[in-house]
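Here the structure comes first, spelled out in structure tokens, and everything after it is commentary.
The values are calculated or read from the model by the stated rules, or taken from the named source; none is laboratory data. Fair warning: this is a prediction, and the values are worked out from it, not measured in the lab. Cβ placement follows ideal geometry from the backbone for every residue including glycine, while neighbour counts extend to all protein chains displayed. Surface areas here come from the heavy atoms of the whole protein model, side chains and all, with no ligands, DNA or RNA. Shrake-Rupley method; radii C 1.70, N 1.55, O 1.52, S 1.80 Å.
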Amino acid sequence: NGVTNGVWECEETEKEAGGGTTKTGKGSQAETPFGQFKASVGRRGGGESLGERGRGNFPPPPAKESSPPPLPPAVVGPPMPPPSPSGGHGKEGGGRDADVEAQEHDGSGSEHENGIGEDVSREQTLHLLSSSIPLSHQLFLRGHTKAVTALGLDKKCSRLISGGSDYNIRMWNFAGMDSSAQSFRHFEPSSGHQIRAIEYDNTGSCFIVAPGDTQVRLYNRDGKLQYAYKKGDPYISDMKHTKGHVAAVTCCKFDPIVAGRFMSASSDGTLRTWRFDDEEGQLVVMKAFHKQARRIAFTTCAYSPDGKIMVGAASDGSMQFWDSGAAPQRPTHMIEGAHEAGSETSCVVFTRDNRYLVSRGGDDTMKVWDVRMLGTGRQQRGRPHPALQHTIEDLPNFYATTSVVMSPCDNMVVTGTSARADGTGLVSFYRKGCWTRVRQAGIVPGGSAIRIIWNRLRNQLAVSGSDGVVRMLYDPEKSTKGAILAASRDPRPADPYEYCAPPPVRAPHANQNKRDFQSLKRKREKDRMDPIKSRRPAMTTQGPGAPNNAGSSLTQHLKTVMGKKDGWRLEDPREAILRHAREAEENPLFSRAYAKT
């Protein structure tokens, strides 16, 4: 038996019997992305079973030489069980039944799958699991004004990125900050859009953001924008023919195996894979399937740890699966009614052994599915899918991004709950296999626990709340570096001799003649009065818009001159002529030449 990441992995044992080697088990099983299918087993004379060699005349496998077991690696988690007196961890004689080993390996029917020996009782097992959770200390990261709906933590737990309903992204560097926990950078990727998802790549050199609009954005480690991936044409009805999303992007995930590739889910009903080194690098488009050919939205998506399975949760309550190596015409498998129709499934996650899929629904439930049972048969109408293993209820969920994660040793499932103003947001831990609650902690007083990340390398928890605070949970005895570095540094004390120039006081409304700020409306009104900027045509000389000054025509001039004499239309013309009779008699002008004739 060997130990890997704190999880006991059982191997088939062999016994020397007679003249041949007998494999303990009923046959080999070939692993596929969606289940196990038994291979044909051939036999030949002498009582030898070919096992996983299949049919044919092959020589028996050589007997393994006995060698001392290797030392287990140092892991963070529950302590390992002591070896049994017989030299193994199972039945006497070192041999075990293959079915029992398979049950212990996948976490069903035994205490062995969590790294706890069979001689440890259930209560002791739960106590050991509970004591391995780092919850003794916490560091508060403040800066957001509304709920923090997205978190990203790199593999080395050196930098954390948070995004919230205040449309901002904040970046935190644990190695460079003190216990005051101030972010070193913040920016707004898309104005007026809530941040839905943030994901670091496997190397921590870049991260992708789903800001709630139609474009996924790629940033480098320092927060500089590298690519804003192309958005699609909303007037094309077939989503496969668009070059990008046409509705809000709800989730994005990096491929765990193939470097430089990630997947995005959108409300336009598609999952798309991209190359992150090209803003037009769309690779594959997978459309959501609906029996009535309606468009349904994808609320979240995930890769399996081996990268062979892609899953998307739709708004009609279904979960649809694709094989990453096959043509994505239709989903390879589909679970109808996985959660309540109309609710938003906030998160799906695979266990690291690729056996279970855990989904967190908007119907206040968390469900566990056996991935190997997806291809066992068609789902009957009105009945749950055969792959459903367990349902945990009474887990309130008010947010579309409430997450569920696996522990570093892959032996616990962790999720958060929502609460009203008078309640407390809880973080619940459930044991893998039997799915019983190991521990429950009130983390967010008066709010909801939304996003959770459990770092495997440093054994630290990051929990975001609806109060705008990110809490880093750790234990100095079980955790290393990360938030411990920042919490151990005190802020620099204030220097009484330090001087800093005061910032300029700006009062934009104090002096109307020297205003630093001018609204766009006022600027448009001012430009409208300028005949050059507004390109105003010449004013008319007639009609209601005619000016009071003189025009350019003779008629307008005469009207202006004659209009200055008041009452000339009412004057008697005879009196106007006789007014000049005396002057004409004394000084005749036209009849002077005939005066003496």
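Within segment 228-239, the residues that satisfy the criterion of being open to solvent by less than 70 Å² (accessible area, probe 1.4 Å) and in contact (Cβ under 8 Å) with a residue 40 or more places away in the chain are ALA228, TYR229, MET239. When the residues of segment 140-164 are filtered to those that are outside any loop (DSSP other than H, G, I, E, B), within 17 Å of ALA487 (Cα to Cα) and out of contact with any Lys or Arg (no Cβ under 7 Å at 6 or more places or on another chain), the one that is most open to solvent (accessible area, probe 1.4 Å) is ARG142. As a summary of the residue check, GLY260 satisfies the conditions (1) under 27 Å from ASN220 (Cα atoms); (2) within 20 Å of the chain's Cα centre (by Cα); (3) at pLDDT 90 or above except for the one numbered (3). Looking across THR391, THR424, THR415, THR365, one residue alone is of a type in the set (S, T, N, Q) and buried (at least 21 other Cβ atoms within 10 Å of the Cβ). It is THR415.
Every condition in (1) open to solvent by 60 Å² or more (accessible area, probe 1.4 Å); (2) over 18 Å from TRP322 (Cβ atoms); (3) among the charged types (D, E, K, R); (4) in contact with a strand residue (DSSP E or B) (Cβ under 8 Å, 6 or more places away or on another chain) holds for GLU280 except the one numbered (4). Among the residues of segment 246-265, those identified as more than 15 Å from GLU199 (Cβ to Cβ) and in contact with a Lys or Arg (Cβ under 8 Å, 6 or more places away or on another chain) are VAL246, ALA248.
Residues of segment 420-440 being part of a loop (DSSP other than H, G, I, E, B) and either more than 24 Å from the chain's Cα centre (by Cα) or within 21 Å of THR391 (Cβ to Cβ) (or both), which ones?
Applying the first criterion (part of a loop (DSSP other than H, G, I, E, B)) to segment 420-440 yields 420-423, 432-436.
Correct list: ALA421, ASP422, GLY423, LYS432, GLY433, CYS434, TRP435, THR436.
Looking only at segment 228-245, which residues are hydrophobic (A, V, I, L, M, F, W, C) and touching a Gly at 6+ places or on another chain (Cβ under 8 Å)? If you could, list the steps in order and put the result at the bottom.
The first filter runs over segment 228-245 and keeps only residues hydrophobic (A, V, I, L, M, F, W, C), leaving 228, 236, 239.
MET239, the sole residue that qualifies.
Which of the residues belonging to segment 203-227 are in contact with a Gly (Cβ under 8 Å, 6 or more places away or on another chain) and open to solvent by less than 20 Å² (accessible area, probe 1.4 Å)? Walk me through how you get there before you give the answer.
Here is the first cut: in segment 203-227, the ones in contact with a Gly (Cβ under 8 Å, 6 or more places away or on another chain) are 207, 209, 211, 214-215, 221.
Within segment 203-227, PHE207, VAL209, PRO211 meet the criteria.
For first residues located in segment 381-393 and closer than 17 Å to ASP363 by Cα, partners that are among the basic types (Lys, Arg) and lie 6+ apart or on another chain with Cβ distances below 9 Å form the pairs LEU388/LYS367; HIS390/LYS367; THR391/LYS367; ILE392/LYS367; ILE392/ARG437.
Is it true that some residue in segment 396-408 is in a strand (DSSP E or B) and either in contact (Cβ under 8 Å) with a residue 60 or more places away in the chain or more than 22 Å from the chain's Cα centre (by Cα) (or both)?
Taking segment 396-408 first, the residues in a strand (DSSP E or B) are 404-406.
Going one step further and asking which of them are either in contact (Cβ under 8 Å) with a residue 60 or more places away in the chain or more than 22 Å from the chain's Cα centre (by Cα) (or both), we end up with none.
No: segment 396-408 contains no residue that is in a strand (DSSP E or B) and either in contact (Cβ under 8 Å) with a residue 60 or more places away in the chain or more than 22 Å from the chain's Cα centre (by Cα) (or both).
Only one of the listed residues (SER464, SER479) is modelled with pLDDT of 90 or more, among the small types (Gly, Ala, Ser) and either open to solvent by 30 Å² or more (accessible area, probe 1.4 Å) or touching a Pro at 6+ places or on another chain (Cβ under 8 Å) (or both). That residue is SER479.
Can PRO491 be described as surrounded by 11 or more Cβ atoms within 10 Å (Cβ to Cβ) and either part of a loop (DSSP other than H, G, I, E, B) or at pLDDT below 80 (or both)? Here the answer is yes, as PRO491 does meet what is asked.
For ILE443, state whether it is in contact with a Leu (Cβ under 6 Å, 6 or more places away or on another chain), open to solvent by 10 Å² or more (accessible area, probe 1.4 Å), in a strand (DSSP E or B) and of a type outside the set (Gly, Ala, Ser).
On the way: in contact with a Leu (Cβ under 6 Å, 6 or more places away or on another chain): no; open to solvent by 10 Å² or more (accessible area, probe 1.4 Å): yes; in a strand (DSSP E or B): yes; of a type outside the set (Gly, Ala, Ser): yes.
Here the answer is no, as ILE443 does not meet what is asked.
In segment 467-476, which residues are acidic (Asp, Glu) and either open to solvent by less than 40 Å² (accessible area, probe 1.4 Å) or assigned to a strand (DSSP E or B) (or both)? Even if it seems obvious, please write down each step before you answer.
From segment 467-476, those acidic (Asp, Glu) are 467, 475; that's our starting set.
Hit for segment 467-476 is ASP475, nothing else.
With the condition being acidic (Asp, Glu), I'd like the strands (runs of 3 or more DSSP E) fully within segment 165-277 carrying at least 2 qualifying residues. Spell out how you get there, then give the answer.
On the way: elements: 169-173, 185-187, 197-200, 206-210, 217-220, 225-228, 249-254, 261-266, 270-275.
Passing ranges: none, list empty.
Would you mind stating whether SER407 is hydroxyl-bearing (Ser, Thr, Tyr) and closer than 21 Å to LEU271 by Cβ? So SER407 does not fit the description; no.
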